[in-house]
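Asks: This is the structure, below, for whatever I ask next.
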Amino acid sequence: MDSEMVAALKNSHENHFSPGSDGSSERNPLKLPFIIGVAGGTASGKTTVCNMIIAQLHDQRVVLVNQDAFYRSLNDEQLQKVSEYNFDHPEAFDTELLLSCMAKLRHGKAVSIPNYDFKTHKSIEPARMVNPSDVIILEGILVLHDSRVRDLMNMKIFVDTDSDVRLARRIQRDTVERGRNVENVLDQYAKFVKPSFEEFILPTKKYADIIIPRGADNDVAIDLIVQHIRTKLGQHDLCKIYPNIFVIQSTFQIRGMHTLVRDAKTTKHDFVFYADRLIRLVVEHGLGHLPFTEKQITTPTGSIYCGVVFCKRLCGVSVIRSGESMENALRACCKGIKIGKILIHGEGKHGRQLIYEKLPSDIASRHVLLLDPVLASGNSAVKAISVLLSKGVPESNIIFLNLIASPQGIHAVCKKFPRLKIVTSEIDTTLNKELHVLPGMGEFGDRYFGTGDTE
């Protein structure tokens, strides 16, 4: 591996969410995109590497921005001496415009990217409209040269390809795609491209978090990069504070279902349908955190399969009444599972009183899946967990499952019970004065069971 991938992942910018007004790491409604810079010499395979990353991130919104689009348009005098113009010099690019466009994309605004014509050496109409995305890839020979551009990036990549290979590719590209003859290409390479690479481009290699030898031919490096990006995209700031928080990987399917269950106009039938789908995903993810033992079995073909067997001594406990909405998904995943009940009554904004509990008599020897679709202030959760602990359930044997969680609820639960696990599908922004989760999904129990205000 070391001979294939010259540099490992270095510390890249971690914060993809704006800090709260109090300087805390709680999530701000503005989710900043993950910005990747991909640099390297001419024809090193940068664009191919970018396309391979985009292809593997098919379930994320990804946009590619080419530094080439920001070439300065040549004036008449420069056009007359175009053979003497150095297109590989930092001054050939309008970096101020590039920074302006990237700043808008970073803050969730659509931008108009210039459309540069390599035959006329001018920006032409129409310009390219680019929408904000979860991942922005900025590609170009000198994207790591300017420190202001580098500071925007969460990950910096340098594609390192043999100079002879790059020259051969450049000849093919410029003659076929840009209408130039071989003699002009070689003359430009010797006069400007090679010297500029050594003076301006190669030195930026030291800023890279990852160096990819052989470019797009290095499948191992591409796979590791995509894996790292996925980890960062799915990692809320609170996951860095509390290692016992697990947020299921967001996809367009999951975001689509969240859109429907959060929409105030969604009918009860649709709300139940999509809430059940989300609950099933959370339950299955939670089951993946149970202890297991390895086991070899024989398949019908007579082959040996090395698999695992999960802990069988488990039970569910639903917090009445919203938690009961999660019971069917748990039963569908765990045939014959025992499910207990806990009813907690609120006293003011902070007090909680246990009204009723019915739990398996041997619950102390089981792993417990605690069910409650919304973790708001955390007061009810803390009370329910305390009840389980009083029955002898080890804290590390509790997995708390919910659809959405507030930062305040996570703080309350994780600070008091650092050894249990919380599995959720999304962490929301905050709580309002009434301790409702924002943006939230309203009163979950009323919407699920159809007991809310008919108006």
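Asks: Hey, how many Å between the Cα centroid of the range 256-312 and the Cα centroid of the range 63-131?
Replies: First find each Cα centre; the distance between them is then 47 Å.
Asks: What share of the DSSP beta bridges in the range 34-233 is antiparallel, in percent to the nearest 5? If you can, show how the numbers build up before the last one.
Replies: On the way: 7 of 26 bridges.
The antiparallel proportion sits near 25 percent.
Asks: Under unit Cβ charges (Lys, Arg +1; Asp, Glu -1), what dipole magnitude, rounded to 20 debye, does the chain have relative to its Cα centre? If you can, show how the numbers build up before the last one.
Replies: Numbers: 56 positive and 53 negative charges, 342 e Å.
With only Lys, Arg, Asp and Glu charged at Cβ, the dipole is about 1640 debye.
Asks: May I pose another question? What order, most packed first, do the peptides 247-256, 268-277 have when packing is the mean number of other Cβ atoms within 10 Å of each residue?
Replies: Numbers: 247-256: 14.5, 268-277: 16.2.
Output ranking for 247-256, 268-277: 268-277, 247-256.
Asks: Starting from the Cα of Lys358, draw a straight line to each of the lysines and keep only those under 23 Å, dropping any in the same chain fewer than 8 residues away.
Replies: Hits, sequence-local ones excluded: Lys312, Lys335, Lys338, Lys341, Lys383, Lys391, Lys421.
Asks: Here is a follow-up. Dividing the alpha-carbon radius of gyration of the range 34-233 by 2.2 N^0.38 Å (N being the number of residues), what value is obtained?
Replies: Details: Rg = 16.5 Å, N = 200, 2.2 N^0.38 = 16.5 Å.
Computed over Cα atoms of the range 34-233, the ratio equals 1.00.
Asks: To continue, here is another question. In the range 48-123, which trypsin sites (Lys or Arg not before Pro) fall in coil by DSSP and have 12 or fewer other Cβ atoms within 10 Å? Show your work: numbers first, answer last.
Replies: Details: sites: Arg61, Arg72, Lys81, Lys104, Arg106, Lys109, Lys119, Lys122; in loops: Arg61, Arg72, Lys81, Lys109, Lys119.
Hits after loop and neighbour filter: Lys81, Lys109, Lys119.
Asks: To two decimal places, what compactness ratio does the range 128-254 give when its Cα radius of gyration is scaled by 2.2 N^0.38 Å? Can you show the working numbers first?
Replies: Working: Rg = 19.0 Å, N = 127, 2.2 N^0.38 = 13.9 Å.
Cα Rg divided by the expected 2.2 N^0.38 Å: 1.37.
Asks: Let me ask you something else. Using a simple charge model, +1 on the beta-carbon of Lys and Arg, -1 on the beta-carbon of Asp and Glu, nothing else, what dipole does the range 34-233 show about its Cα centre, in debye to the nearest 20?
Replies: Values: 26 positive and 28 negative charges, 93 e Å.
For this selection, approximately 440 debye.
Asks: Here's a follow-up. Give the percent of DSSP beta bridges with both residues in the chain that are antiparallel, rounded to the nearest 5.
Replies: Numbers: 24 of 69 bridges.
The antiparallel proportion sits near 35 percent.
Asks: Name the residue from Gln67, Gln408, Asn184 whose Cα lies farthest towards the positive end of the charge dipole of the chain, charges +1 on Cβ of Lys and Arg and -1 on Cβ of Asp and Glu.
Replies: Ranked along the dipole, the leading option is Gln408.
Asks: Treating the beta-carbon of each Lys and Arg as +1 and of each Asp and Glu as -1, no other charges, what is the dipole magnitude of the range 272-403 about its Cα centre, to the nearest 20 debye?
Replies: Numbers: 16 positive and 10 negative charges, 43 e Å.
So the magnitude is around 200 debye.
Asks: Farthest toward the dipole's positive end in the range 237-449, which of Gly302, Val283, Cys333, given Cβ charges of +1 (Lys, Arg) and -1 (Asp, Glu) about the Cα centre?
Replies: Gly302
Asks: If each DSSP helix of 4+ residues adds -39,500 (n - 2.57) and the sum is divided by the residues in the chain, what number results at 222 nm, nearest 500 deg cm²/dmol?
Replies: Values: 14 runs with 139 residues, N = 455.
Here the helix-only value at 222 nm equals -9000 deg cm²/dmol.
Asks: What are the extents of the Cα atoms of the chain along their three principal axes, in Å, largest first?
Replies: Extents along the principal axes, in whole Å: 87, 61, 38.
Asks: Per 5 Å bin, what percent of the C-alpha pairs of the range 237-449 does each bin hold, from zero upward?
Replies: Here the calculated profile for the range 237-449 is 1, 7, 15, 19, 20, 16, 10, 6, 3, 2, 1, 0, 0.
Coordinate-derived values only; no laboratory data. In this text the structure is predicted, and so the values were computed from the model without any measurement. Every residue, glycine among them, receives a Cβ derived from its backbone with ideal geometry; neighbour counts consider all protein chains shown.
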